[in-house]
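Below: one structure, written as structure tokens.
The values are calculated or read from the model by the stated rules, or taken from the named source; none is laboratory data. It should be emphasised that the depicted structure is a prediction, and the values quoted were computed from it without experimental measurement. Glycine gets a Cβ as well: all are built from the backbone with ideal geometry, and neighbour counts include every protein chain shown.
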Amino acid sequence: MNGERGSITLWVLGLTVMVLFLGGISLDLWRAFEMREDLAAMADSAANAGASRVDGATYRESGTLQLDGAAATAAADANLNAQQDSGRISSRTITPTGPVLTVQLEGEVEFTLLRIFLGPGSVTISATGSAEAFPAL
């Protein structure tokens, strides 16, 4: 037993590092899932706000339901700016296509515990929401 002095200490130290690494993965993964959920909710809300901006003149003339592109984009953008977590959005794309408005958002999640092992860095999260205008019944 004289030749095994300190082997348990090294084993426990290795186990501690492994648990810290797994904790870092789980914490940062949880933060990424939370960011994805927040971005998806904001994108859906903005798409719904913008999809209510129908081009009334086109609808009255031809019966074709189409969004007023500028008004729909402005309404979706204003909705995003009014969101509580709008500062977490790193990029946004708002695209009106016929009666459908699509909002794509991206955000960054900085590493926390994984920074110890991987250095400073982040992961990009994206979410897309879309809404379609319907004629009033």
Legend entry - Exclusive hit being part of a helix (DSSP H, G or I), out of contact with any helix residue (DSSP H, G or I) (no Cβ under 7 Å at 6 or more places or on another chain), surrounded by fewer than 12 Cβ atoms within 10 Å (Cβ to Cβ) and at pLDDT below 95, set GLU61, GLU34: GLU61
Legend entry - the stretch 72-81 - residue that is hydrophobic (A, V, I, L, M, F, W, C) and either surrounded by fewer than 16 Cβ atoms within 10 Å (Cβ to Cβ) or out of contact with any Lys or Arg (no Cβ under 9 Å at 6 or more places or on another chain) (or both) and, of those, farthest from ASP38 (Cα to Cα): ALA74
Inset, instruction - For SER26, state whether it is part of a helix (DSSP H, G or I), surrounded by 14 or more Cβ atoms within 10 Å (Cβ to Cβ) and either free of Cβ contacts under 8 Å to residues at least 12 places away in the same chain or small (Gly, Ala, Ser) (or both). - result: no
Legend entry - Check on ARG92, of a type in the set (D, E, K, R), touching a Leu at 6+ places or on another chain (Cβ under 7 Å) and at negative phi: yes
Inset, instruction - Looking at (1) touching a Ser or Thr at 6+ places or on another chain (Cβ under 9 Å); (2) of a type outside the set (Val, Ile, Thr); (3) in a helix (DSSP H, G or I), find the lone condition where PRO96 falls short. - result: (3)
Legend entry - Scope the stretch 74-96; condition touching a residue at least 24 places away in the same chain (Cβ under 8 Å) and hydroxyl-bearing (Ser, Thr, Tyr); matching residues: SER86, SER90
Inset, instruction - Could you list, in sequence order, all residues of the stretch 64-93 that are part of a loop (DSSP other than H, G, I, E, B), within 16 Å of SER45 (Cβ to Cβ) and not charged (D, E, K, R)? - result: GLN83, GLN84, ILE89
Legend entry - Residue tally, condition surrounded by fewer than 18 Cβ atoms within 10 Å (Cβ to Cβ), within 20 Å of PHE33 (Cβ to Cβ) and small (Gly, Ala, Ser), over the stretch 82-118: 4
Inset, instruction - Hey, can you tell me all the residues within the stretch 37-58 that are hydroxyl-bearing (Ser, Thr, Tyr), out of contact with any strand residue (DSSP E or B) (no Cβ under 8 Å at 6 or more places or on another chain) and assigned to a helix (DSSP H, G or I)? - result: THR58
Inset, instruction - Run SER90 past the list (1) in contact with a strand residue (DSSP E or B) (Cβ under 6 Å, 6 or more places away or on another chain); (2) within 16 Å of GLU132 (Cβ to Cβ); (3) of a type in the set (Ser, Thr, Tyr) and report the number of the one that doesn't hold. - result: (2)
